[in-house]
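Below is one structure; the comments refer to it alone.
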Amino acid sequence: MLTRIDHIGIACHDLDATAEFYRATYGFEVLHAETNEEQGVREAMLRINGTDDGGATYVQLLEPTRADSPVGRWLAKNGEGVHHIAFGTADVEGDSEAIRAKGVRVLYDRPRPGTMDSRITFLHPKDCHGVLTEIVTAAPPGTPGEGSGH
Ligand code: V0V
Ligand code: CO
């Protein structure tokens with residue numbers, strides 16, 4: 001069951017400058033930053049609020065590490081802006097298989113590593129009324145990447 005918005009993914013040219021905008025303008029601090037070579041992104045997670053199920057909601061800032069990557073291609077075509085929305089669930093495998101059974105293209109056979117030790121998959125934007133949609137299960141509480149934040 002999808003229980004919350006986990007994050008809004010925002011594509012940017014300069015991660016540090018964009019994170020500074022979010023800090024100076026809204027007071028949102030970077031909780032965590034990492035590079036995901038498989039996805040071709042440097043990313044920063046800004047924790048906005050906690051949620052009823054113990055997870056949290058973030059803004060995820062994404063800077064491409066190479067032009068030939070989903071975010072690199074998207075930025076070249078569209079410029080900076082909202083790139084994807086991610087819904088949180090305790091069961092990314094089960095929920096994404098149930099969504100696949102409804103005829104929506106799920107991009108991965110098995111969830112792949114996401115930020116903060118989460119597990120993620122994506123739904124094709126052309127099957128979701130133009131929205132690239134991510135399904136994410138946060139790392140369990142008590143592990144270094146737990147979704148509840150600190
Ligand atoms: C592409 N399209 C989009 C889109 N990206 N529409 C809405 N939102 C987006 N973000 C449209 C595009 O305009 C084209 O439409 C069509 O889809 C095919 O796009 P393309 O230019 O050929 O782009 P590709 O080759 O990049 O393929 C698109 C997909 C790709 C969605 C398959 O971006 C992908 O695999 N995305 C999933 C992985 C990802 O996005 N990773 C970065 C975030 P027209 O022009 O034909 O009408 S990583 C992340 O979030 C992490 C690690 C996390 O922890 O959360
Ligand atoms: Co994401």
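Taken over the stretch 54-92, the criterion of being part of a helix (DSSP H, G or I) and either on the phi > 0 side of the Ramachandran plot or within 13 Å of ligand 2 (Cβ to nearest atom) (or both) is satisfied by 70, 71, 74, 92. Looking at the structure I just gave you, is residue 134 buried (at least 19 other Cβ atoms within 10 Å of the Cβ) and acidic (Asp, Glu)? Against the criterion (buried (at least 19 other Cβ atoms within 10 Å of the Cβ) and acidic (Asp, Glu)), residue 134 qualifies. Annotation: of all residues in the stretch 113-134 being closer than 19 Å to residue 74 by Cβ and assigned to a strand (DSSP E or B), the one that is nearest to ligand 2 (Cβ to nearest atom) is 134.
Is one or more of the residues making up the stretch 87-102 surrounded by 13 or more Cβ atoms within 10 Å (Cβ to Cβ), within 9 Å of ligand 1 (Cβ to nearest atom) and within 21 Å of residue 28 (Cβ to Cβ)? Within the stretch 87-102, none of the residues are surrounded by 13 or more Cβ atoms within 10 Å (Cβ to Cβ), within 9 Å of ligand 1 (Cβ to nearest atom) and within 21 Å of residue 28 (Cβ to Cβ). Just one of the numbered conditions (1) closer than 25 Å to residue 18 by Cβ; (2) at pLDDT 95 or above is not true of residue 127: (1).
Taken over the stretch 5-29, the criterion of being away from ligand 2 (no atom under 13 Å from the Cβ), closer than 24 Å to residue 70 by Cα and not in a helix (DSSP H, G or I) is satisfied by 12, 13, 14. Taking the numbered list (1) within 14 Å of ligand 2 (Cβ to nearest atom); (2) within 19 Å of residue 139 (Cα to Cα); (3) over 12 Å from the mean Cα position of the chain (by Cα) in turn, residue 51 passes all entries but (1). Just one residue in the set 44, 33, 56 is under 19 Å from residue 117 (Cα atoms), without any contact (Cβ under 8 Å) to a residue 24 or more places away in the chain and in contact with a strand residue (DSSP E or B) (Cβ under 6 Å, 6 or more places away or on another chain); that residue is 33.
Scanning the stretch 30-51 for residues being over 15 Å from residue 6 (Cα atoms) and either charged (D, E, K, R) or outside any loop (DSSP other than H, G, I, E, B) (or both) gives a total of 9. Examine the stretch 103-112 for a residue that is surrounded by 13 or more Cβ atoms within 10 Å (Cβ to Cβ), outside any loop (DSSP other than H, G, I, E, B) and not aliphatic (A, V, I, L, M), and state whether such a residue exists. Yes, the stretch 103-112 has at least one match.
The values are calculated or read from the model by the stated rules, or taken from the named source; none is laboratory data. Fair warning: this is a prediction, and the values are worked out from it, not measured in the lab. When we count neighbours, we look across all protein chains shown, and the Cβ atoms used for this are built from the backbone with ideal geometry, even at glycine.
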